[in-house]
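Some notes on the structure that comes next.
The values are calculated or read from the model by the stated rules, or taken from the named source; none is laboratory data. A quick note: this is a predicted structure, and the numbers were derived from the prediction, not measured. Don't worry about glycine lacking a Cβ; one is built from the backbone with ideal geometry, like all the others, and counts go over all protein chains shown.
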Amino acid sequence: MKNSTRVVVIGGGVVGASVLYHLTKLGWSDVMLVERSELTSGSTWHAAGGFHTLNGDTNMAALQGYTIKLYKELEEITGMSCGLHHVGGVTLADNKDRFDMLIAERAKHRYMGLETEIVSPEEIAKIAPITNLDGIIGGLYDPLDGHLDPSGTTHAYAKAARMGGAEIVTHCKVTATTQRPDGTWDVVTDKGTIHTENVVNAGGLWAREVAAMAGHYAPLLPMEHQYIITDDVPEIYERGVEHPHVMDPAGESYLRQEGRGLCIGFYEQPCRPWAVDGTPWDFGHELLPDDFDKITDSIEFAYKRFPVLERAGVKSVVHGPFTFAPDGNPLVGPIPGLRGYWSACGVMAGFSQGGGVGLTLAQWMIDGEADRDVTAMDVARFGDWITPGYTRPKVVENYQRRFSISYPNEELPAARPHRTTPMYDIFTSLGAVWGQQFGLEVPNYFASGDEPTFEDPSFRRSNAFDATAREVKAVRSAVGINELHNFGKYRITGPKARDWLNRIMAGRIPKMGRLALTPMLSHKGKLLGDFTVSCLAGDKFHLTASYGAQAQHLRWFLQHQEDGVTVENISDKLNGFQIAGPKSRDLLAACTRDPVDMKFLDVRQMTVGQAKCTVQRVSYTGDLGYEIFCDPMDQRALWNVLWDNGAAMGITPFGMRAMMSLRLDRFFGSWMNEFSPDYTAAESGMDRFIKWDKDFIGKAAAHNETPARQLVTFDVDAADADVTAYEPIFINGEVLGFCTSGGYSHHTGKSIAFGLIPREHANAGLQVEIEILGDRRPATLITDPIFDADGTRLRS
Ligand SMILES: Cc1cc2nc3c(=O)[nH]c(=O)nc-3n(C[C@H](O)[C@H](O)[C@H](O)COP(=O)(O)OP(=O)(O)OC[C@H]3O[C@@H](n4cnc5c(N)ncnc54)[C@H](O)[C@@H]3O)c2cc1C
């Protein structure tokens, strides 16, 4: 065994083996994997081996597509068999909402080039004849669905990695990982210590224990899971062709052919976490005792859906644990604040996702960033607020909802409220209907009078429509107020602060008393953030950006930190309110003795009421407005003065639904929609903020780019549903673009969509069609904001 290497991957399940293979594939051969037992000794050996592309997140779906296509390549490279069965699969829909969801998925697949298709009950009867179609209104067929041999596939990854120069050591347990002062690592095993630049935690069932060795918490939990293999079934073995997979969300089951019989697994409601307080080290190649009690209801349902099952005897039962993160997606990437330490765990569908996880991590390690936006599985999508107490109910919720319909406006209830601000009870008494962002409670809207206190999940305009319209009207006609708690906020200080910001941010760093908008780019010129930078003093700056991206942003800042600069995440240490609308200046004037003659993009220190505040003359509503920041300890005093003085002016609290409608009026993009690491500054129009006559990260890539596509805005002739994201855009009948986000502009009564289309088509007046829930709606490309087009009100 080597005692020094570039990377040590801990864990020889399918994920660790894939990471190792991809490192060699991308050119690093001095890499090794250590496994405490034999390869596959965690969840991997007992998996059902099914794979599919369907995933609500487009990038995750693309990585699943990559994984599935990789297996042939692995077989060719190694000459080994992965035991591939590309039999296709159909997901059933038994109600309109579920069918809408499948139609929306199919629409996304059009742009992604995936060959799925919507099928009728008659077609399902031909594809999957053992299915009882009572109540089924349609389905989604995916020819890429299939299954494989979990052990053979893991060994094929391992062989391919060895062929690329990697070393694999089995029966070698890691007992400690310690970081040296120079940032490199000692990986201590029962066969000796290995010195390495990089550690990858692919510990699967033991990933929590492996993470703890480096002093951090991996937010995941094993869940028990069970599938049954039946005796031979004549309707199956007499067919001549292999029966495809059938996913029956109503029955929370997946079914496929196994030999001459069937294999059926369940995501049952009475599910059970396993080894909550830690996975025993002596758990090996073993299964959990059969437990039919918790799947009794699921089996009864399955008998109705697949009547042949009732006659088939049980040949074997597989009941084992596998891990989930709180949202069910993998935990991948560099651990914030730990140089050279990488996560590749929480992968609940190793055979759909393992290849994509390996590729992503290898790109990240070797190139410094992944090729596509991987926020959905970035380990930094959870902050240091996450605890085992939060993870547990969220994982149970996720398991139970594995086959549930996911609505774009849905708020999931488990582990709520988790984090709240001093406004929580006041806003609740004002009717706040809460959503959740990065663990924080955020009002979506305020229910007044007989407005609904629960927003129904829907693909169409929801029952929060009227409340949102009322809040939008209050902002545009008087003054609205909301909290500034869900901004990521950073304080940058020190003699080198300006120089550092000039290097990190692509845009202009403002002079004292002013603020500026700027993109932050990766080395490859991809968008890493859209920031507001305010200069409070010569060596003191204040940044704001997306609240949900704060762990990712901080990780980037710390990776690029220099002497003479102090970077602090003050997201939860600074709060305050935004006031917006034509009466917002009068309101501010009524609350302070300081002058309020601020120009657009000015920033000033003021006393508002009795609170010491930093006031910025800017508003994401696109209206005259102010962001008033204060210490959270002063929050209620600030609220009282604004609320009391605003009463005569018609002050109205507004939530995120209104905010996201108001921003449409002036075509303001939002983070992870129009602006994300999938896009460049030029594609998204953020290049207008770039200051080209300075050096900054990403400059060369941004400079050399000739973007093929452009972000544009459409006025959509919608019915009762608006664009959410990833709907295909048809130009002259061909899918040439997709939507990034959209919604209903309550102020103008228009349905607005943002999307990326080929640059040569990006001309005012272009007529396109946008597919919303299976319906191709006409839309017109517009270039002038639909409110305050010349910015008079914004700058007034
Ligand atoms: C019943 C069941 C059915 C399933 N069916 C499917 C399916 O059809 N399709 C699908 O995609 N997924 C399925 N899964 C999930 C799948 O098994 C997992 O996604 C996958 O196995 C995760 O692989 P992994 O490499 O992350 O973890 P693991 O397989 O748990 O591997 C981790 C490895 O790390 C090693 N290790 C841990 N700590 C150390 C240490 N300190 N030192 C050295 N080595 C260490 C362990 O020994 C182990 O071999 C199923 C799971 C279950 C339980």
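Checking the condition within 16 Å of the ligand (Cβ to nearest atom), among the aromatic types (Phe, Trp, Tyr) and at pLDDT below 95, which residue from Tyr66, Tyr111, Tyr71 passes?
Result of the check over Tyr66, Tyr111, Tyr71: Tyr66.
Residues checked against (1) among the polar types (S, T, N, Q); (2) at negative phi; (3) touching a residue at least 40 places away in the same chain (Cβ under 8 Å); (4) surrounded by 24 or more Cβ atoms within 10 Å (Cβ to Cβ):
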{"site": "Arg593", "(1), (2), (3), (4)": "no, yes, no, no"}
{"site": "Gly609", "(1), (2), (3), (4)": "no, no, no, no"}
{"site": "Tyr620", "(1), (2), (3), (4)": "no, yes, yes, no"}
{"site": "Glu627", "(1), (2), (3), (4)": "no, yes, yes, yes"}
{"site": "Gln635", "(1), (2), (3), (4)": "yes, yes, yes, no"}
{"site": "Trp639", "(1), (2), (3), (4)": "no, yes, yes, no"}
{"site": "Trp643", "(1), (2), (3), (4)": "no, yes, yes, no"}
{"site": "Phe654", "(1), (2), (3), (4)": "no, yes, yes, yes"}
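Here Thr58 fulfils each of the conditions (1) among the hydroxyl-bearing types (Ser, Thr, Tyr); (2) over 26 Å from Phe459 (Cα atoms); (3) more than 16 Å from the ligand (Cβ to nearest atom) apart from (2). One residue stands out in the stretch 25-43 among those that are under 17 Å from Leu361 (Cβ atoms) and among the β-branched types (Val, Ile, Thr): the one that is nearest to the ligand (Cβ to nearest atom), namely Val34. Set side by side, the residues Glu252, Glu224 differ, and just one is in contact with an Asp or Glu (Cβ under 8 Å, 6 or more places away or on another chain) and surrounded by fewer than 22 Cβ atoms within 10 Å (Cβ to Cβ), which is Glu224.
When you check Met101 against the structure, is it crowded, with 20+ Cβ neighbours inside 10 Å and touching a Phe, Trp or Tyr at 6+ places or on another chain (Cβ under 9 Å), yes or no?
yes
Give the residues of the stretch 284-323 that are touching a strand residue (DSSP E or B) at 6+ places or on another chain (Cβ under 8 Å) and within 11 Å of the ligand (Cβ to nearest atom), sorted by residue number. Leu287, Leu288, Val317, Val318, His319, Gly320, Pro321, Phe322, Thr323 - these are the residues of the stretch 284-323 that are touching a strand residue (DSSP E or B) at 6+ places or on another chain (Cβ under 8 Å) and within 11 Å of the ligand (Cβ to nearest atom). Kindly establish whether Ile752 is crowded, with 21+ Cβ neighbours inside 10 Å and β-branched (Val, Ile, Thr). So Ile752 fits the description; yes.
Taking the criterion of being buried (at least 19 other Cβ atoms within 10 Å of the Cβ) and either within 16 Å of the ligand (Cβ to nearest atom) or modelled with pLDDT under 95 (or both), the residues of the stretch 114-143 that qualify are Leu114, Thr116, Asp142. Exactly one residue among Gly50, Gly13 is touching a Lys or Arg at 6+ places or on another chain (Cβ under 8 Å), within 13 Å of the ligand (Cβ to nearest atom) and under 24 Å from Cys345 (Cα atoms), and that residue is Gly50.
Against the numbered list (1) assigned to a helix (DSSP H, G or I); (2) among the charged types (D, E, K, R); (3) away from the ligand (no atom under 16 Å from the Cβ), Arg208 comes up short only at (3).
Among the residues of the stretch 370-397, those that are touching a strand residue (DSSP E or B) at 6+ places or on another chain (Cβ under 7 Å), modelled with pLDDT of 95 or more, surrounded by 19 or more Cβ atoms within 10 Å (Cβ to Cβ) and under 25 Å from Ser676 (Cβ atoms) comprise Met377, Asp378, Val379, Ala380. Is the stretch 681-695 home to any residue that is in contact (Cβ under 8 Å) with a residue 40 or more places away in the chain, closer than 24 Å to Asp100 by Cβ and polar (S, T, N, Q)? Checking the stretch 681-695: not a single residue is in contact (Cβ under 8 Å) with a residue 40 or more places away in the chain, closer than 24 Å to Asp100 by Cβ and polar (S, T, N, Q). Do we find a residue being under 25 Å from Gln635 (Cβ atoms) and either buried (at least 19 other Cβ atoms within 10 Å of the Cβ) or not β-branched (Val, Ile, Thr) (or both) anywhere in the stretch 398-415? So far as the stretch 398-415 goes, yes, one or more of its residues are under 25 Å from Gln635 (Cβ atoms) and either buried (at least 19 other Cβ atoms within 10 Å of the Cβ) or not β-branched (Val, Ile, Thr) (or both). Taken over the stretch 553-591, the criterion of being surrounded by fewer than 21 Cβ atoms within 10 Å (Cβ to Cβ), assigned to a helix (DSSP H, G or I) and in contact with a helix residue (DSSP H, G or I) (Cβ under 6 Å, 6 or more places away or on another chain) is satisfied by Arg555, Ala590. With Thr279, Thr323, Thr360 as the choices, which residue is touching a Pro at 6+ places or on another chain (Cβ under 6 Å) and of a type in the set (Ser, Thr, Tyr)? When all the criteria are applied, what remains is Thr323. Yes or no: Phe351 surrounded by 22 or more Cβ atoms within 10 Å (Cβ to Cβ), more than 17 Å from the chain's Cα centre (by Cα) and under 19 Å from Met223 (Cα atoms)? It is true that Phe351 is surrounded by 22 or more Cβ atoms within 10 Å (Cβ to Cβ), more than 17 Å from the chain's Cα centre (by Cα) and under 19 Å from Met223 (Cα atoms). Only one entry of Gly13, Gly89 meets the criterion of being at pLDDT 95 or above, farther than 27 Å from Arg162 by Cα and in contact with a Phe, Trp or Tyr (Cβ under 9 Å, 6 or more places away or on another chain), and that entry is Gly89. Name every residue in the stretch 169-195 that is more than 11 Å from the ligand (Cβ to nearest atom) and either of a type in the set (Lys, Arg) or assigned to a strand (DSSP E or B) (or both), in order of residue number. Passing the criteria: Thr178, Gln179, Arg180, Trp185, Asp186, Gly192, Thr193, Ile194, His195.
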